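Q: Following this message is one structure expressed as structure tokens.
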């Protein structure tokens, strides 16, 4: 959970930094435009301004696959694509409208340069028409999302051409920055593969996965290159230095407050969920008690039947088979065992042909033969996974004497955990010892239950199966992090033999707090944008006071 949280904060910080750098470049070009009022200068500061706003909006976008359905983030994605494309188109136009600054050469070489430059200009004049034709004839092929990295690469290429073919060598940094930005946007296209059924591919392209982090780092590299370039110009004036210090301080303060607030929000949400899981653990007790009551009622019904009592006293196996033929299907129970007063099996309802053996060593049946009824959990080895059963045993009494016992049981199977999930909305699992017997947790294919999974956390296992204590907290299952509540299942001797668990993914904490985190990011971005004006006024006021002294 915390890794996802800090990853989302890293996304917010990097894109906010990108927005500030682009707005700083916008300010640089705006300052130049105020002196010359050229058309190209207008396009440049306008293009970088819109690009900065696009990064500012993108900073507020939260990963919906992790934080759930978020209205603002869903709408903002489309806005970012439109703003990014508009800014790239404006910057491309500014480059095409501005002729290259000629490199000083000798007369002969200059003539060659001019001819090459004219040829180069003719080629570049042809290229826009080709792009336009392509856009007209293939609108179904180039989607808006695919056009974003293309636009960034074109802008970077035009800046590189101006820096290498012309005299403006200092623009190489801007070209490199846009190539990094375009590469980051291209890597972002990997999210289109998140619907894949291949778990290996999904693990790479998933939100906050390796490719996601590569995208963030590539974008950060581009922004750092662009920021270093614009910083070298803005810091040459005292007013700019003062303004940048005020803005930087404001950004740092807002980031600290935002991250701290969202961290406290998530921690509070986590505490609430743990408390709710503790309450859900009570539901587990009620569910077990209900099963015990159900099996006890069925066993008492049979033990009170005069026909059953007579058949036990007569050790009449066939009569018992006939009398209990419809018991298991009608009661929806899994097992029925009837013994005589010595613990010898007179009937197994689930397998009538298997009888005559002794179960006098069974602690539950032994207690019944001593005259007391009881209920407990037992674990039997199944074909693939353990079988966990809730059983109740009651004495059969005739003329004040115990003449036998009746034991009935219900398996805690897939239907049981599905019922718990329906009641609580939580994932449920039953363990036989430390192996999952039934669960609502699914494998990556989304279909196969994770039965057979072993609880490999020795600390949790010791608390539950050795000490018989309840556990509330976090744990990992099949490389996924969960919050849950686990209670031990105990046999007739009060020895833990299994575990009953309710849980939910830790990522659900982010989904619950998603809208609040999203609103916090939006408000922070808006306040940072609005803080530019007062920072500008304060810097201007301080500079004017210094100049008058």
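All of the numbers you see were taken from the coordinates with simple rules; none came from a lab. Values in this document were obtained by computation on a predicted structure and should not be read as measured data. Note that each Cβ is placed from the backbone with ideal geometry, even for glycine, and that neighbours are counted across all protein chains shown.
Q: If I model a spin label at residue 313 and residue 257 as a point 7 Å from the Cα along the Cα→Cβ vector, what separation in nanometres do I get?
A: 8.6
Q: A further question follows. Along Cα→Cβ, 7 Å out, is where each label goes; now give me the distance between the ones at residue 526 and residue 221 in nm to one decimal.
A: 3.7
Q: Work out how much length residue 418 to residue 204 would gain on full extension: take 0.36 nm times their residue separation and subtract the Cα-Cα distance, in nm to one decimal. Spell out each step's value before the answer.
A: Numbers: separation 214, 0.36 × 214 = 77.04 nm, distance 3.15 nm.
Full extension of this stretch gives 73.9 nm more.
Q: Report the label-to-label distance for residue 245 and residue 304 in nanometres (one decimal), using points 7 Å from each Cα along the Cα→Cβ vector.
A: Between residue 245 and residue 304, the simple spin-label model gives 8.9 nm.
Q: Highest mean first, what order results for 447-458, 375-386 on Cβ atoms within 10 Å?
A: Numbers: 447-458: 14.0, 375-386: 16.9.
Those peptides, ordered most packed to least, come out 375-386, 447-458.
Q: If you don't mind, there's one more thing I want to ask. Based on the alpha-carbon gyration tensor of region 384-447 and its eigenvalue square roots a ≥ b ≥ c, which shape applies: rounded if a/c is under 1.5, prolate if not and a/b is larger than b/c, or oblate? All intermediate terms of the calculation are to be shown ahead of the outcome.
A: Details: a/c = 4.81, a/b = 2.74, b/c = 1.76.
Note, shape of region 384-447 comes out prolate.
Q: Oh, and also: Express in nm, to one decimal, how much length is gained between residue 144 and residue 93 on full extension, taking 0.36 nm for each residue of separation and deducting their alpha carbon distance. Don't skip to the end; give the middle numbers.
A: On the way: separation 51, 0.36 × 51 = 18.36 nm, distance 1.87 nm.
Difference between extended and current length: 16.5 nm.
Q: Between residue 10 and residue 546, what FRET efficiency follows from the Cβ-Cβ distance if R0 is 51 Å, with the result rounded to 0.05?
A: On the way: r = 38 Å, r/R0 = 0.75.
That gives a FRET efficiency of 0.85.
Q: I need the calculated FRET efficiency for the pair residue 351 and residue 401, taking r as the beta carbon distance and R₀ as 41 Å, to the nearest 0.05.
A: Working: r = 29 Å, r/R0 = 0.70.
Approximately 0.90, to the nearest 0.05.
Q: Using packing as a proxy for protection, rank 175-186, 262-273 so that the peptide with the highest average count of other Cβ atoms within 10 Å comes first.
A: Most protected by this proxy first, the peptides run 175-186, 262-273.
Q: Ordered by packing density, taken as the mean number of other Cβ atoms within 10 Å over each peptide's residues, highest first, how do 434-440, 156-162 rank?
A: Numbers: 434-440: 22.3, 156-162: 19.4.
Top of the packing list down: 434-440, 156-162.
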